[in-house]
Amino acid sequence: MNGLFAAITLQDFLTSLVGGFARSMKIDTETTATIAFFLAALIHASLLLGLFAGLPVFYIWLERKVAGRIQDRLGPTRVGGSFGWLQTIADGIKLIQKEDLVPEDADSLIFRMSPYLATIASFAAFMVLPIADGWVAVSAECGAFLILALMSLEVLGIILAGYSSGSKWALFGAMREAAQMVSYEIPMAICALIPLLIAGSLNFQVIGRMQSGWFWNWFIFHDPFAFLAFFCYFTVATASVKRAPFDLAEAESELVAGFHTEYSGFRWSIFFLAEYSSMFAVSAVAALLFLGGSNVGLFGIDELLGHLRGAGTGALGIEGFSVGTYLANLIGAGVLIAKGCLLVFVQIWVRWTLPRLRIDQVMTTCLKYLVPISCFLFLMAVLWPLVLASTIRRPTFSGQPMGDKSVQHIAVPAVRVASKSEGVAR
Amino acid sequence: MTDELLFWVFSILVCGGAIAVVATQNVVRMAFWLVVSLGSVAALFFLLHADFLGAAQLLIYVGGTVVLLVFGVMLTASGPYVQIRTSPAEMIFGATVGGGLFFVLFSSIGWVDWVSLSARLPATPAIPAASDYAQESRAGQQVTVAGSSSPAAELDAQQQQGRTIRQLGLGFLGLRPDRNLKEGGTRGLAPGYLLPFEIISIHLLVVLIGASYLARAKRRVDRNESRGLG
């Protein structure tokens, strides 16, 4: 894998593409660069929006189908053939047609704005999520920190929605939600620290590359504490996206529908969109941190994909663009999304098979069990390499030490960060 | 050009949000406008390629402080929506303090001769960092900063891209390889921020313990029962 092959961003690609037209039409370089910048921004945004909106459509169908099968029913069967593929689309059309109600007691400005706040927070997390090694909308050195920060903002929209509804059910739901999400953020961050500690980086791409090769290179198999940390993280992540058995904020048996009791139509549906896309976001973060990111995990296949990178360079007459890299990234994106979908399936499965906890049990689980467990796992993960180094004189059981690995893999930069010195907006 | 456009959008949102916080009387609406204002400040940090600072701003101010504020309002409110009414005396006092602060800031920014000041700065505020960081930059140099060969210029470019996590981390551990390398070891080892970092962490721990002590449910201990248990 040569770094040079992967080193073209969409922006560069479009700059070259637009540049070709511009030369024939005699437009100066700066205008070309600006046009390319806006085109790149538009394409990035619409691709991410497609992923953000498309995955929930699939998950809502999956949720209904899995729930049906677990309860010995068929689930949706009519719309779009015998599997009910188009059920979610039909639901969506129905919801958009509904009247946009605002209750009389509600604070109408905040009532109207809070669904957007929750959705923007959930959507923003997709900006820093690398879909493949080299495909990321915003490549930030502190990507893991940024995504945790962005995912923690969703609670704000939910609290404001509950508070501004002017309904006691919504207020109770919002208060439970605030208490739950604020406390579950702590073990989530500590569990996410363990793979970050192993990698020694906050950059998702570096973390992804360090897990290449056979699947025992994945951080979940790095040491026994990281293995336990994955399950701890997944439990906490399920709670932080308020899925059953931790869905106290919208406990139907107690609170009607929790914080979104008063919402209907489109505003209600984008709360749903935010919830299902956050489910994918936390699952994709779990896949990136513990399950090898966009690596397949079988050395032969990953090797093959690595050879594919850089093949067909200069196709379409654009310098630095490679068809092989594009294909490898496409497969990588498929692998990551498949891993994320598998984890979302587990979340759905858990929802329909486990009973809901009481609110005091939820808080006890977090504060008395999950926080101490995650702190213990973190401490042990810190001590593990030291213990290994003092007993078997190696920082890892097998394979090369992480320190050597990181340097070797960082030497393959894939994505440039557009900066003032080299971006198109100069 | 796009940077400039985005700068104007976000700075208008920062100022507009801040004015709306002052102008509204409903506490929860204030919290909403505070989110707009603080979130736009974070966006300005991202525009300046200070990624870590922007993420910290989002996590601490938007995700932490405002949530606590709304939570506090929800728990303590007696009526459905809490209104804040300011008396004219308070308004005059507030306007005086605010106007004075604005005057001080505006005049001090306006009176500084920025051109001569920037001429006095070193030509390249270059920061060579730890050895592996330098290696990383050297590897990245093939692609990213083609043309500039000195490690100082590369690191400068990396700083401009917001890739400062490693330097920040080393600074908190008490190491400043950037300054040590830059001054060529003539002035001894530059101190990092280990002591302030530790002081802040101990301080936060004290605050946490104090808060949990204050918030603890005060149970009346029954003498007989406790004697029986003891």
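If I ask for residues that are assigned to a helix (DSSP H, G or I) and more than 18 Å from the chain's Cα centre (by Cα), which ones from region A:195-219 would you list? If the condition is that a residue be assigned to a helix (DSSP H, G or I) and more than 18 Å from the chain's Cα centre (by Cα), then A:Leu197, A:Ile198, A:Ala199, A:Met210, A:Phe215, A:Trp216, A:Asn217 are the ones that fit. Only one of the numbered conditions (1) more than 14 Å from chain A (Cβ to nearest Cβ); (2) within 25 Å of A:Leu146 (Cα to Cα); (3) at pLDDT below 60 is violated by B:Ala129, and that is (1). Determine whether region B:214-226 contains at least one residue that is surrounded by fewer than 10 Cβ atoms within 10 Å (Cβ to Cβ), at pLDDT 80 or above and in a helix (DSSP H, G or I). Yes, there is a match, as at least one residue in region B:214-226 is surrounded by fewer than 10 Cβ atoms within 10 Å (Cβ to Cβ), at pLDDT 80 or above and in a helix (DSSP H, G or I).
Answer yes or no as to whether A:Ile186 is closer than 26 Å to A:Ala121 by Cβ, at pLDDT 85 or above, surrounded by fewer than 20 Cβ atoms within 10 Å (Cβ to Cβ) and not basic (Lys, Arg). Spelling it out, A:Ile186 is indeed closer than 26 Å to A:Ala121 by Cβ, at pLDDT 85 or above, surrounded by fewer than 20 Cβ atoms within 10 Å (Cβ to Cβ) and not basic (Lys, Arg).
Out of the residues in region A:37-52 meeting the condition of being of a type outside the set (A, V, I, L, M) and in contact (Cβ under 8 Å) with a residue 40 or more places away in the chain, tell me which one is farthest from the other protein chains (Cβ to nearest Cβ). Top of the filtered list is A:Phe52.
What helices (runs of 4 or more DSSP H) lie completely within region A:340-426 and have 2 or more residues being under 23 Å from the mean Cα position of the chain (by Cα) and modelled with pLDDT of 85 or more? Correct list: A:371-391.
Among the criteria (1) closer than 30 Å to A:Asp105 by Cβ; (2) touching a residue at least 40 places away in the same chain (Cβ under 8 Å); (3) facing another protein chain (nearest Cβ under 9 Å); (4) small (Gly, Ala, Ser), the one A:Ser167 does not fulfil is (3). When region A:277-330 is filtered for residues that are at pLDDT 80 or above and on the phi > 0 side of the Ramachandran plot, the ones remaining, listed by number, are A:Gly292, A:Gly293. The condition of being within 24 Å of the chain's Cα centre (by Cα), part of a helix (DSSP H, G or I), within 10 Å of another protein chain (Cβ to nearest Cβ) and touching a residue at least 24 places away in the same chain (Cβ under 8 Å) holds for only one of A:Leu117, A:Leu55, A:Leu62, that being A:Leu117. All conditions in (1) within 22 Å of A:Ala125 (Cα to Cα); (2) in contact (Cβ under 8 Å) with a residue 12 or more places away in the chain hold for B:Val28, with the sole exception of (1). Looking only at residues of region A:84-107 that are away from chain B (no Cβ under 14 Å), in a loop (DSSP other than H, G, I, E, B) and more than 27 Å from the chain's Cα centre (by Cα), we find that the one that is nearest to A:Leu74 (Cα to Cα) is A:Lys98.
The values are calculated or read from the model by the stated rules, or taken from the named source; none is laboratory data. Note that the structure is a prediction, hence the values are computed from the model and not measured. Every residue, glycine as well, gets a Cβ built from its backbone with ideal geometry; the counts of neighbours run over all protein chains shown.
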